[in-house]
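Before we start, here is the structure in question, set down as structure tokens.
The values are calculated or read from the model by the stated rules, or taken from the named source; none is laboratory data. This is a predicted model, so every value here is computed, not measured. Please note: Cβ atoms are built from the backbone with ideal geometry, for glycine as well, and neighbour counts cover all protein chains shown. Accessible surface areas use protein heavy atoms only, side chains included; no ligands, DNA or RNA. Shrake-Rupley method; radii C 1.70, N 1.55, O 1.52, S 1.80 Å.
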There are 2 protein chains.
Amino acid sequence: MNQQDRRVFDSLFSPRTIALVGASNDAGKHTSRPQRSLRKHGYTGKIVPINPRHPEVFGDQAYPSLLDVPDEIDHAFLMVPAAAVLETIEQCIQRRVPVATIYADGFAEAGDEGRKAQEELVARAREGGVRILGPNCSGIVNTEPSCTMSVNAAIEQLEVPAGNLAVISQSGSMTGGLVSRGLGRGVGFSKIVSIGNESDLSAAEITDWLVDDPHTGAVLLFLETLRDAPRLARAARRAVEVGKPIVVYKLGRSDVGRSLAASHTGSMAGSDEVADAFFRANGILRVDNLETLFELPTLVAGHQPSKRHRVAVMSTTGGGAATVVDRLGTMGVEVVAPPAELVDGLAERGVTIPPGPLTDLTHAGTRADVYGAVLDELIASDHCDLVLAIAGSSAQFQPEISVGPLIRAAKDKPVAAFLAPHAEAGLAQLADAGVAGFRTPESCADAIKAWVNWTAPAGAGLDTDPTVVESATRALEVFAGRRPNELESAAVFDALGVPTAATHVISSGAAARLPTDAAVSYPVVAKVLSADIAHKTEVGGVVLRIGNDDDLTDAVASIRQNVAERKPDATIDGILVQQMRSGLAEVILGFRRDPDVGPVVVLGVGGTLAELYKDIAIRVAPVSPDEARTMVEEVTGLAVIRGYRGMPKGDCDALVAAIVGVSQLAGDEFAAVEEAEVNPLLVLPEGEGVVAVDGLVVCRATT
Amino acid sequence: MNQQDRRVFDSLFSPRTIALVGASNDAGKHTSRPQRSLRKHGYTGKIVPINPRHPEVFGDQAYPSLLDVPDEIDHAFLMVPAAAVLETIEQCIQRRVPVATIYADGFAEAGDEGRKAQEELVARAREGGVRILGPNCSGIVNTEPSCTMSVNAAIEQLEVPAGNLAVISQSGSMTGGLVSRGLGRGVGFSKIVSIGNESDLSAAEITDWLVDDPHTGAVLLFLETLRDAPRLARAARRAVEVGKPIVVYKLGRSDVGRSLAASHTGSMAGSDEVADAFFRANGILRVDNLETLFELPTLVAGHQPSKRHRVAVMSTTGGGAATVVDRLGTMGVEVVAPPAELVDGLAERGVTIPPGPLTDLTHAGTRADVYGAVLDELIASDHCDLVLAIAGSSAQFQPEISVGPLIRAAKDKPVAAFLAPHAEAGLAQLADAGVAGFRTPESCADAIKAWVNWTAPAGAGLDTDPTVVESATRALEVFAGRRPNELESAAVFDALGVPTAATHVISSGAAARLPTDAAVSYPVVAKVLSADIAHKTEVGGVVLRIGNDDDLTDAVASIRQNVAERKPDATIDGILVQQMRSGLAEVILGFRRDPDVGPVVVLGVGGTLAELYKDIAIRVAPVSPDEARTMVEEVTGLAVIRGYRGMPKGDCDALVAAIVGVSQLAGDEFAAVEEAEVNPLLVLPEGEGVVAVDGLVVCRATT
């Protein structure tokens, strides 16, 4: 970190002097609150109220304007109306204030005019060397040293203990709610940031800084939309390296949620599925339940993402265990039974456990020695990667039976504890001891699912075969600056390792039949070849199942006539005659550059039904073969090539290679490629490969 | 209720004399607990410990055996080992004890031997006039009058306030956990029952009794499996009539959950989807989150199931509201914007609300008068059927702003309140006032989803057309006592109003071509007609796309030869020649008698993909046209006939009629029909109907 950044973040979180611009001397007003909050929670720096009508505000000497303040100001909290913000920023520039936090709303979140005003503001601040938090930001909290600079009523009221969780929330109105929920779950906080419109300082940039903050052990993000993704990715990767989990709760899973997020924060939310791929690619844990935000960090703190995700389950209450395990089952999480050696070893020590995936000790096993022995064995055993330990009623009234052993257990692998009763004291003991305790079966399962999806960030650059890059580049150069036709697109896919069905082109004027030396034999399909026609079927440009030369002659004539009538302006490069092929499955394999997240690769099953079921796998590109294989596993409809019900297996290896190949378009060499899609890609039986039947490459228009 | 039942339930919950058989005088033993619990929680009746080795146990005179007790005994709690249970039941019979609760496990839940022992036990008890609760039951709690007869440690410790919730749990070890969680959510209880193996007294029978219990306002069921469904259905229907919600949390959603439930309770869980259909048909509310069990009753108490399910949302925190609304969106719940009149009316009173489905009052609207005005208007307005009111940080520190208006609001429609912060005091105030407050966004959305799925129980007997019954009965009589062939099955479906494609049968020896007067014309499909061949394609018994007489002759010969080779013993009734038809969609329409729930009707999309996506709708049969229409709406893949992306619409009305028709097999007249399935049923374009292409009816073997 450079010196300027250090000064910015010191001023943001640990200012020696804070100017409260617009601080009210009426205790009933929000704008009087920061001063009160700062004092109440032990801020030891200097507070300078800026108020043109009062020489003193609640005991602090006030000044009519920033320009009148004799001291150096580290952080200005602007609580003036939107219309007065720009002028105040000008004063900050004049006074060389490193950071200005802006409370006013009415900027980007309020429509086009506000967006323009915000852009102007940021431009001016950048020019003048002032960093901005907000606008539409309710403030920040630091616990060491204490700096509770916020207009939030809850933040004023709450006694926030120092702890290792940092919270960044895009919703200002939820900031207090989040913190109070965290306190309710026994956690403490290092920093709390209402990030507002992120006009300048973003959640990503602050996260990046928090990775190096000694007071912060995990960063919790409450997001409505994904902004500044590349920087968040860098921060997240560094966080994994140093073992600080980044946990995100993101709205916008549903269409209605997306529309709310959009109206609420002033930026269109990206596709939620793409966000998921982004989190996965960068080792960010995503939770689905609000409370899991606060319960998950302890589960993964000090651990790296696991390669395997086998869960062992022990309990003294079968019903209580089932509330979690049943849910894990619907999520596809693998629950494993202990191996015979473990069972036998315990039996030798007089501890009998039942066979099967649920180690239910029952009422008889509700003893600290039994619970502890089983727990320790499961943690020590190689057969599982996480231990889920459930405790029954004893957790409430005899915590020494289950909570005790949990607290004493080794921390060699993640241990998730679910207490079946309402057991606040037991949960608090677990929290104090750094054991991940869960209050509801739902948040417990949610956390385990997030852990299952937590994978090591993919290497920044996967090994790319230079030959592949070279040949694909050549194939792209053929149509540089214009749209390619189907054959030209196919050449790109071919270069990337995705073969196309054998083809023969009948040029204008040439005989409409197959030469004897053609690579193609009947039956064939004939398609119009034109860069100008995106939807060939709609213009009558495709004839299927052509069995002989006569039918081919007819087909070619009919296609030429149809296209001449319905798309008279299109340049026709010929008629593409392609071997008719059929596969065990038809898939869609796509690549695109998402505006938020960058290059992604998408795999789905072809056809309307698959579209209805939204049955796709998305990853940030490029992907490794291992990651591509997880995509093939993830698409439900591809069970038909994975041996479902004795059906013949498809060539999954070839499909994996095709995914990896197409994902290489993410490389810098291919920056011009905006989108590429093979649709359909036929998956042939094992060992016979895959065949692209149609495809399209879209490049950025050269200017 | 007859006098005998009254005596049983009085003895179960309000016994004047309890015999504790096997009561220990060692305070460290579970078997000493009921005596202590009863006394601690204020039981005023007589306690008689049965202990052969001590004349007195903790101050109560003890007797060596039940036979030695001078008093009349209302309720015997058997805490003897499994092997001694039968003998003790004999004593109960001798002493005319109306109810015996059995703590011992090792019965049906432990395998075949235990199951046999349990059956023997129940048979003897029935004979002798003793009703049994359990075995594998930890006891019961009544709060008015107090009777805490349980071996559960948590139950002993907890101070359970009287309230209107009754809990019945199939998991004994979760009983304490459930109650402590309910207490944590501020509710009180009327009765708590560990139902055990339900060898005699079932959750259904007790629920039925609780419907008439003046102390019980709602019944909460923690189920691992569905038992005694017909009785539970009757109880649930009565409960809807009297306005007492029955709320169920049922395990077994996942395969792994099902297997746990099976090993745990000693009975195979039925299909979870069928259970869902059962709950829906009988007005039982099913929750997905454990905590919702305790939060939901207040939401629906005093209300009947609604015909429409439009949700209005108001909030002072946009982010907090989105945590619930985003989730509602993924569940397909309809969130509606307030009408212009409502917006205008509020504006006239000086309250400005934004347009759109989320009425976000923002920080500016964080005032009791504003919050109350908007809430009251939404409750009074016809545009919505439920109001979801979210409160921000103020709910924690200024409850008068949001909690106050919620408490004062009219109860004309269900109001769900979600408090975004950790606001225990606010939640307690809401609970005290009978307002449904939710602690997490997840349980709030879960409750609203349960309310959306809550429909009025279908009429016991739907109107059945006697003509239909008569003709279907005749069609069934044709093959009474044996398996039907395809044509005979088709006649049944036809009688039920599901037409089959035109057919012509070529008998053995007849010419293998279409007569000029045949109802069928080329192209056709030829299929072997035999009651002995279930899978025609597998034996080479089907030829598709036959275009002329010559091809038909070949096809018939080839089918006869294939079948003679591969299925030589099959009786061949001829070759069925059927018009080739194609539809906009192929669906599966099935009927079966579920062993737990009884007749159900199932609608799904045909093909492997639909099977993979488990895209089906199930209802208890018979169904009304309205209910059948909800099935057509529910199947995702049927979007292709609902006008998805401008695709031509299918004849949904005809599909609805077909569902209703097949569902009539539930009638008593058709008791012999075990299963029936049309597969595929083609849905033709609007106005053109549906056509069954193949189908099968399976009747019970006549003996």
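Against the definition (within 40 Å of the chain's Cα centre (by Cα), modelled with pLDDT of 95 or more, closer than 29 Å to residue A:296 by Cβ and within 13 Å of another protein chain (Cβ to nearest Cβ)), how does residue A:337 come out, yes or no? Walk me through how you get there before you give the answer.
Numbers: within 40 Å of the chain's Cα centre (by Cα): yes; modelled with pLDDT of 95 or more: yes; closer than 29 Å to residue A:296 by Cβ: yes; within 13 Å of another protein chain (Cβ to nearest Cβ): yes.
Taking the combined requirement at face value, the residue satisfies it.
Mind listing whichever residues of the stretch A:62-117 are farther than 17 Å from residue A:140 by Cβ and among the aromatic types (Phe, Trp, Tyr)?
A:63, A:107
Identify the residue in the stretch B:194-203 that is outside any strand (DSSP E or B) and in contact with a strand residue (DSSP E or B) (Cβ under 8 Å, 6 or more places away or on another chain) and, among all such residues, is nearest to residue B:272 (Cα to Cα).
In this case the residue turns out to be B:203.
Restricting attention to the stretch A:420-442, report how many residues are assigned to a strand (DSSP E or B) and under 21 Å from residue A:330 (Cα atoms).
Number of matching residues: 1.
A follow-up question, please. Read through the list (1) within 13 Å of chain A (Cβ to nearest Cβ); (2) in contact (Cβ under 8 Å) with a residue 40 or more places away in the chain, then give the number of the only condition that residue B:332 fails.
So residue B:332 meets the others, but not (2).
Something else about it: Does the stretch A:506-531 hold any residues that are open to solvent by 40 Å² or more (accessible area, probe 1.4 Å), over 30 Å from residue A:466 (Cβ atoms) and not aromatic (Phe, Trp, Tyr), and which are they?
In the first step, residues of the stretch A:506-531 are kept if they are open to solvent by 40 Å² or more (accessible area, probe 1.4 Å); the result is A:507-511, A:513, A:515-517, A:519, A:521-523.
So of that shortlist, the ones also over 30 Å from residue A:466 (Cβ atoms) come out as A:507-511, A:513, A:515-517, A:521-523.
Across the stretch A:506-531, the qualifying residues are A:507, A:508, A:509, A:510, A:511, A:513, A:515, A:516, A:517, A:521, A:523.
From the set of residues in the stretch B:221-238 that are away from chain A (no Cβ under 14 Å) and not basic (Lys, Arg), which is farthest from residue B:9 (Cα to Cα)?
Of everything passing the filter in the stretch B:221-238, B:226 is farthest from residue B:9 (Cα to Cα).
Now, a different point. I'd like the full set of residues that are touching a residue at least 40 places away in the same chain (Cβ under 8 Å), surrounded by 22 or more Cβ atoms within 10 Å (Cβ to Cβ) and either within 19 Å of residue A:73 (Cβ to Cβ) or aromatic (Phe, Trp, Tyr) (or both), limited to the stretch A:23-43.
A:23, A:34, A:37, A:38
Next question, about the same structure. Restrict the check to the stretch B:352-372 and report whether at least one residue is under 38 Å from the mean Cα position of the chain (by Cα), away from chain A (no Cβ under 14 Å) and free of Cβ contacts under 8 Å to residues at least 12 places away in the same chain.
Scanning the stretch B:352-372 turns up no residue that is under 38 Å from the mean Cα position of the chain (by Cα), away from chain A (no Cβ under 14 Å) and free of Cβ contacts under 8 Å to residues at least 12 places away in the same chain.
Moving on to the next point. Quick test of your reading of the structure: residue B:164 fulfils all but one of (1) touching a residue at least 40 places away in the same chain (Cβ under 8 Å); (2) within 13 Å of chain A (Cβ to nearest Cβ). Name the failing condition by number.
Of everything listed in (1) touching a residue at least 40 places away in the same chain (Cβ under 8 Å); (2) within 13 Å of chain A (Cβ to nearest Cβ), residue B:164 misses just condition (2).
I'm trying to understand the selection: among the residues of the stretch A:616-639, which are over 18 Å from residue A:276 (Cα atoms), surrounded by fewer than 23 Cβ atoms within 10 Å (Cβ to Cβ) and among the aliphatic types (A, V, I, L, M)?
A:639
Hey, another quick one. Quick test of your reading of the structure: residue B:689 fulfils all but one of (1) closer than 26 Å to residue B:545 by Cα; (2) open to solvent by 40 Å² or more (accessible area, probe 1.4 Å). Name the failing condition by number.
All conditions pass for residue B:689, except number (2).
Suppose we filter the stretch B:617-649 for residues that are farther than 27 Å from residue B:467 by Cβ and either out of contact with any strand residue (DSSP E or B) (no Cβ under 6 Å at 6 or more places or on another chain) or within 14 Å of chain A (Cβ to nearest Cβ) (or both); how many remain? Write out each step before concluding.
So in the stretch B:617-649, the residues farther than 27 Å from residue B:467 by Cβ come out as B:617-618, B:633-649.
From the residues that got through so far, the ones that are either out of contact with any strand residue (DSSP E or B) (no Cβ under 6 Å at 6 or more places or on another chain) or within 14 Å of chain A (Cβ to nearest Cβ) (or both) too are B:633-649.
Summing the residues that are farther than 27 Å from residue B:467 by Cβ and either out of contact with any strand residue (DSSP E or B) (no Cβ under 6 Å at 6 or more places or on another chain) or within 14 Å of chain A (Cβ to nearest Cβ) (or both) in the stretch B:617-649 gives 17.
Now for a separate question. May I ask you to list pairs of residues, at least six apart or on different chains, whose Cβ atoms are under 8 Å apart, with the first in the stretch A:141-154 being at the interface with chain B (Cβ under 9 Å from one of its Cβ atoms) and the second being among the charged types (D, E, K, R)?
From residues that are at the interface with chain B (Cβ under 9 Å from one of its Cβ atoms), the pairs are A:151/A:33; A:152/A:33; A:153/A:33.
Restricting attention to the stretch A:49-58, does a residue exist that is open to solvent by less than 10 Å² (accessible area, probe 1.4 Å), β-branched (Val, Ile, Thr), closer than 25 Å to residue A:136 by Cβ and more than 44 Å from the chain's Cα centre (by Cα)?
Taking every residue of the stretch A:49-58 in turn, at least one turns out to be open to solvent by less than 10 Å² (accessible area, probe 1.4 Å), β-branched (Val, Ile, Thr), closer than 25 Å to residue A:136 by Cβ and more than 44 Å from the chain's Cα centre (by Cα).
Going by what's in this entry, would residue A:158 be described as at pLDDT below 95, more than 24 Å from the chain's Cα centre (by Cα) and open to solvent by less than 20 Å² (accessible area, probe 1.4 Å)? Write out each step before concluding.
On the way: at pLDDT below 95: yes; more than 24 Å from the chain's Cα centre (by Cα): yes; open to solvent by less than 20 Å² (accessible area, probe 1.4 Å): yes.
Yes: the conditions hold for residue A:158.
For the stretch A:1-29, which positions are part of a helix (DSSP H, G or I), under 22 Å from residue A:167 (Cα atoms) and not hydroxyl-bearing (Ser, Thr, Tyr)? Before the answer, list the steps.
Taking the stretch A:1-29 first, the residues part of a helix (DSSP H, G or I) are A:3-13.
Next, only the ones that are under 22 Å from residue A:167 (Cα atoms) stay: A:5-13.
Answer for the stretch A:1-29, where residues must be part of a helix (DSSP H, G or I), under 22 Å from residue A:167 (Cα atoms) and not hydroxyl-bearing (Ser, Thr, Tyr): A:5, A:6, A:7, A:8, A:9, A:10, A:12, A:13.
Looking at the stretch A:204-219, I want the residues that are part of a loop (DSSP other than H, G, I, E, B) and have a partner that is of a type in the set (Lys, Arg) and surrounded by fewer than 20 Cβ atoms within 10 Å (Cβ to Cβ) with Cβ atoms under 6 Å, at least 6 apart or on another chain. Which pairs are those?
A:211/A:238
Right, residue A:544: within 14 Å of chain B (Cβ to nearest Cβ), touching a strand residue (DSSP E or B) at 6+ places or on another chain (Cβ under 9 Å) and touching a residue at least 12 places away in the same chain (Cβ under 8 Å) or not? Break it down into steps so the answer makes sense when it comes.
Working: within 14 Å of chain B (Cβ to nearest Cβ): no; touching a strand residue (DSSP E or B) at 6+ places or on another chain (Cβ under 9 Å): yes; touching a residue at least 12 places away in the same chain (Cβ under 8 Å): yes.
Here the answer is no, as residue A:544 does not meet what is asked.
Go through (1) within 23 Å of the chain's Cα centre (by Cα); (2) within 15 Å of residue A:137 (Cβ to Cβ); (3) in a helix (DSSP H, G or I) and name the single condition residue A:176 misses.
Only one criterion in (1) within 23 Å of the chain's Cα centre (by Cα); (2) within 15 Å of residue A:137 (Cβ to Cβ); (3) in a helix (DSSP H, G or I) is unmet by residue A:176, namely (1).
Note down all Cβ pairs under 7 Å where the first residue falls in the stretch A:470-483 and is among the β-branched types (Val, Ile, Thr), the second is outside any loop (DSSP other than H, G, I, E, B) and open to solvent by less than 40 Å² (accessible area, probe 1.4 Å), and they're at least six residues apart or on different chains.
A:478/A:488
Find the residue count for the stretch B:137-163, including only residues that are part of a strand (DSSP E or B) and in contact with a His (Cβ under 7 Å, 6 or more places away or on another chain).
Final tally of qualifying residues: 2.
In addition: Which strands (runs of 3 or more DSSP E) does the stretch B:546-655 wholly contain that include 3 or more residues that are touching a helix residue (DSSP H, G or I) at 6+ places or on another chain (Cβ under 7 Å) and closer than 30 Å to residue B:671 by Cα? Break it down into steps so the answer makes sense when it comes.
On the way: elements: B:574-579, B:585-594, B:598-605, B:616-620.
It comes to B:585-594, B:598-605, B:616-620.
For residue A:241, indicate whether it is surrounded by fewer than 24 Cβ atoms within 10 Å (Cβ to Cβ), within 14 Å of chain B (Cβ to nearest Cβ) and assigned to a helix (DSSP H, G or I).
no
Please go through the stretch A:380-400 and give me each residue that is within 14 Å of chain B (Cβ to nearest Cβ), under 16 Å from residue A:433 (Cβ atoms) and in contact (Cβ under 8 Å) with a residue 40 or more places away in the chain, ordered by number.
Across the stretch A:380-400, the qualifying residue is only A:391.
Still on this structure, I have one more. May I ask you to list the residues in the stretch A:67-83 that are under 37 Å from the mean Cα position of the chain (by Cα) and farther than 19 Å from residue A:45 by Cα?
A:79, A:80, A:81, A:82, A:83
Here's another thing I want to ask about it. Looking for something crowded, with 20+ Cβ neighbours inside 10 Å, more than 14 Å from chain B (Cβ to nearest Cβ) and in contact with a Phe, Trp or Tyr (Cβ under 6 Å, 6 or more places away or on another chain) - is there at least one such residue anywhere in the stretch A:589-597?
yes
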